[in-house]
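See structure below.
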2 protein chains.
Amino acid sequence: MSSLPATSAPTALDLTLDGGALTAQLVDFPSVSGEEQALADAVEAALRTLPHLTVDRYGNNVVARTHLGRAERVLLAGHLDTVPIADNVPSRVEGDVLWGCGTSDMKSGVAVQLRLAATLPDPNRDLTFVFYDCEEVDAVRNGLGHLVARHPDWLAADFAVLMEPSGAMVEGGCQGSLRIKIMLTGVRAHSARSWNGDNAIHQAAEVLARLRAYQARRVEIDGLEYREGLNAVGITGGVAGNVIPDECVVTVNFRFAPDRSEAQAEAHLREVFAGFAFEVVDSSPGALPGLGQPAAQAFLAATGGEARAKFGWTDVARFSALGVPAVNFGPGDPNLAHKRDEHVSLSAIAEVERKLRAWLTAA
Amino acid sequence: MSSLPATSAPTALDLTLDGGALTAQLVDFPSVSGEEQALADAVEAALRTLPHLTVDRYGNNVVARTHLGRAERVLLAGHLDTVPIADNVPSRVEGDVLWGCGTSDMKSGVAVQLRLAATLPDPNRDLTFVFYDCEEVDAVRNGLGHLVARHPDWLAADFAVLMEPSGAMVEGGCQGSLRIKIMLTGVRAHSARSWNGDNAIHQAAEVLARLRAYQARRVEIDGLEYREGLNAVGITGGVAGNVIPDECVVTVNFRFAPDRSEAQAEAHLREVFAGFAFEVVDSSPGALPGLGQPAAQAFLAATGGEARAKFGWTDVARFSALGVPAVNFGPGDPNLAHKRDEHVSLSAIAEVERKLRAWLTAA
C-alpha cells in the first residue's frame, strides 16, 4: 500500500488493486475541490482501457456506461474531490484502518465504483458510473449539477446509488436545507446616551428565544424516521464599542424532512418567525427515500433489507429531482467526513463491494 | 476667515483673530489623531511669543502657565486632535455657523484657550493652559494621560475646565464606562444532526433577554441627574452555515453614574449576568461633579449658575483622579462631534470666551 510523500503522487490508477489498496492510491492523488483535473484524467484513462464501457467527459466529470440492452439501468455515482488536506496525506494503514483525507468522504466509494467498472463486463443490469467534481464547495460548482444541466441523457437510469459515506448501511433520501437571514434594525446612538437609540441586538432576544423553545419534528417516511432541526448558525451585530447598534443579523438553518417542499419549509419559518423580516439565503430540496419503488426494493433485498434515514443533504436530491430514485450507500463513516482524523475500515470497503457485486450479478 | 484648500494649510497661528476666526484657522490646520505635530509646533510657537507665560512641551503636548502667586490656580485643557477628516476641511462660514472637522470637538474650545492665553496677562487666578494630543483614540495614547504619568506637577491646579463641547453649558463630572465580553460555549455539530450539539448562539437568548428587561438607574448627584445605560454593543457567533456553533460572544457596555466605582460597576454586572462567565475588556472610572467645592461654586456663579450632568466619558475623569475638581465647558455641540456635518455657533464661541474672561478678571 502506498505511503509515498505527497510530492510524488501517483499519476496512474491500477484497477487490479483490491478496494482498500485502490482507495489508498486515490487518497495519495490529491484532489481538493477545484483541483480534480489530474485525478479525472487518471480515472478517464483507466476507464478507457475497458472495452465494455463507453466513456464521456465534461469538464472534470467522467461518465462510463455499459450498453447491454438490459431491462434496467443502475447508476453508481461518486465525487472525486475532497475538503482541504489537513496533514493527512499520504494515507497510512493500521490494521483494518486506512487513514487519510478522503478515505471516508469518499474515495473508498470511488474505489468500489472503479473496481466494479473494471470487473463487471457482463452485469445483470446496465451500469452507469459517474465521477464528478466540486461536491464539497458551493452548489453552483457541483459537477453533478453541471451534468444535470448539460448532459441529462448521460444520467438516465432506473435507480441510483450515491456512494457517500453511510457506514455501509443503506441511507434513504435526504433532508432539505433552508438558510435564512433575519434582519433586525434599530436606531444608532452613542452608548453614553443609549435612550436616544434602539438596540438591534436586544431585538434578537425574541428570535433566539423562539429558536431555543422550538420543538423539532420527527416524522416517519417509508419506514425511516427523519428528525428536523432549526438552529441559529450565525449572528452578527455591532458598530463600535460605544455605539448602540442599528443592525443585527441572525442566520438560521432549517433542516427539514423530505415530506416538506422548499416552499412549505419557508412558509413554516414565516410562521415561526412571525413579526420578523427575513430573506432566504439558500435552499435545497430534500429527497424522499422512495424505498417503495421496485428497483429500490430489489437493491434493499440484495444488501440486507435494512435502511435508515439520511440527515445530511446529499446529491441524491439531484437524482430525486430527475425522477430517479436514489439512496446513499458507501463504506465511509459519515461522522468522520471532513475531519483531520478521517479514516475508513478496509473491511467496510470490501463489504460494500461484495454486496453491490452480488446484486449486480445475481441470476 | 480662511477658506484655503487643505493643501495650503496655514503654518502659523494668529492669536489676534477673534475666537471664530481663530477656530477656522485651527480647523484648516489638519490634526487628525497621531498627526498633531505641526499644530502643536504652531501652538507652542504662538505661546512662546507671550512674555507672561512659561511654556513646557512633552511630545505633542504643550503646557503654558502664569506664575503670579495667586491664591488659586485654574487649569484650562483642550485636545488638539480630531477624528478623521470627512470632506469637511477647509472650514466655511454661513451666517453664525462655522462648518468643518473639529469645529465642535474641539477646536472652538482650543481657540478660546488661546485667546485667553494671549489676552489675560494679569488674571485674578494663576492660569495653566494644557493642549494635548490623541484624545480621540485608544486611551493608552491620550496625551493628557501621558502628562499625568510623566509631568503631574505641570497639571497642579485647584480647579480644571475641560473645553469639550458642552453647548456652552457647564457639564459636571462624567459617567464611567465598563465593557465586558460574555462568552457562551456549546458543542459543535453538523446542523443536519443538530441534536448532537449544543448551540452557543441559542444560549445568548437569556443574556439578551436580561439586557432587554434591564431597568437603567437614574440618580441625582450634586443636583445633577445621571442616567445609566446597559447595552449589547456587539455580538458574534457562528462557524459555518452548516455547523451548530460552539461559541458566541456578546460585548456589553455599561455606562454608570459616578457614584459607582469601577469595582462596584463590575460587581453589579456580576449580579445582572449571574450564571454567565464574562471578562472585563476595558474600564474607565466616572468623575463626580464636585460642584460643592468652593472653586467650582465660584465658577458656576460666574458662568450663570446652571449645570447639567455629562453622560459621555471625558478626560475630566483624569483630573478627578488627580484630586482636581473639573467640569466640561466648551462652545461646541456634543451631538455634532464626529459627524460629517460638524459645525459650531460663532456666538457660542464668543459667549464661552466672554464668561471665562469675566470669571478670570472679576475683582
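Along Cα-to-Cβ, 7 Å out, sits the label point; list in nm, shortest first, how far the one on A:V137 is from those in the other copies.
From this label point to the equivalent ones elsewhere in the assembly: 4.0 nm.
Counting only protein chains, not ligands or nucleic acids, how are B:H151, B:H67, B:H79 ordered by accessible area (probe 1.4 Å), most first?
Working: B:H151 50, B:H67 110, B:H79 0 Å².
Of B:H151, B:H67, B:H79, the descending order of accessible area is B:H67, B:H151, B:H79.
So which residues in the range A:238-279 end up with at least 50 square angstrom less accessible surface once the other protein chains are there, compared with the chain by itself, probe 1.4 angstrom?
Output list: A:G241, A:R255.
Threshold 40 Å², probe 1.4 Å: give the residues of the range B:194-215, in number order, that are less accessible with all protein chains present than with their chain alone.
So the qualifying set is B:W195, B:I201, B:H202, B:A205, B:L208, B:R212.
Which lysines have a Cα less than 25 Å from the Cα of A:K339, not counting those fewer than 8 places away in the same chain?
A:K107, A:K310
Could you run the Karplus curve 6.51 cos²θ - 1.76 cosθ + 1.60 with θ = phi - 60° over the range A:275-280 and give me ³J(HN,Hα) per residue in whole Hz, x for Gly and Pro?
x, 10, 7, 8, 10, 7
When ligands, DNA and RNA are left out and all protein chains stay put, how many square angstrom of accessible area per residue does chain A have with a 1.4 Å probe?
On the way: 13810 Å² over 363 residues.
Per-residue accessible area for chain A comes out at 38 Å².
For the interface of A with B, what's the total buried accessible surface in square angstrom, probe 1.4 angstrom, rounded to the nearest hundred?
Working: alone 15430 and 15440 Å², together 27620 Å².
Chain pair A/B: roughly 3300 Å² of buried accessible area.
Sorted from shortest, what are the nm distances separating the label point of B:P84 from equivalent points in the other copies, each placed 7 Å from Cα along Cα to C-beta?
2.9
If each DSSP helix of 4+ residues adds -39,500 (n - 2.57) and the sum is divided by the residues in the protein assembly as shown, what number results at 222 nm, nearest 500 deg cm²/dmol?
Values: 18 runs with 197 residues, N = 726.
After summing the helix terms and dividing by the residues of the protein assembly as shown, the value is -8000 deg cm²/dmol.
Please tell me the relative contact order of chain B in percent, rounded to the nearest whole number, where contacts are Cα pairs under 8 Å and at least six residues apart.
Details: 854 pairs, mean separation 82.2, N = 363.
So the answer I get is 23 percent.
Ranked from highest to lowest mean number of other Cβ atoms within 10 Å per residue, what is the order of the peptides A:257-264, A:329-336?
Numbers: A:257-264: 17.4, A:329-336: 23.9.
Final packing ranking: A:329-336, A:257-264.
Placing unit charges on C-beta atoms (Lys and Arg positive, Asp and Glu negative, everything else neutral), compute the dipole magnitude of chain A about its Cα centre in debye, rounded to 20. Write out the running numbers ahead of the final one.
Details: 31 positive and 45 negative charges, 111 e Å.
Roughly 540 debye, rounded to the nearest 20.
Under the convention of a label 7 Å out along Cα→Cβ, give the distances in nm from B:K181 to the same position in every other copy, shortest first.
Its label point is 2.5 nm from the equivalent points in the other copies.
How much of the accessible area of chain A, probe 1.4 Å, is carbon plus sulfur, in whole percent? Walk me through the numbers before you get to the answer.
On the way: 6850 of 13810 Å².
Heavy-atom surface of chain A belonging to carbon and sulfur, 1.4 Å probe: 50 percent.
Taking loop as defined by DSSP and a crowding limit of 16 other beta carbons within 10 Å, which GluC sites (Glu not before Pro) in the range A:41-146 fit?
Numbers: sites: A:E44, A:E72, A:E94, A:E135, A:E136; in loops: A:E72, A:E135, A:E136.
Sparse-neighbourhood loop GluC sites (Glu not before Pro): A:E72.
Can you say what percent of the DSSP beta bridges in the range B:27-133, counting only those with both residues inside, are antiparallel? Round to 5. Walk me through the numbers on the way to the answer.
Details: 12 of 20 bridges.
Percent antiparallel among DSSP bridges in the range B:27-133 is about 60.
Considering only A:G304, A:T16, A:T54, whose Cα is most displaced toward the positive end of the charge dipole of chain A, charges sitting on Cβ of Lys, Arg (+1) and Asp, Glu (-1)?
So the residue we want is A:G304.
If I ignore ligands, DNA and RNA and count only protein heavy atoms, how much of A:T236 is accessible to a 1.4 Å probe, in Å² to the nearest 10?
About 80 Å², ignoring ligands and nucleic acids.
The values are calculated or read from the model by the stated rules, or taken from the named source; none is laboratory data. Quantities reported herein were computed from a predicted structural model and do not represent experimental measurements. Because the Cβ atoms are built from the backbone with ideal geometry, glycine has one as well, and the counts that use them run over all protein chains shown. Surface accessibility is based on the protein's heavy atoms, side chains included, excluding ligands, DNA and RNA. Shrake-Rupley method; radii C 1.70, N 1.55, O 1.52, S 1.80 Å.
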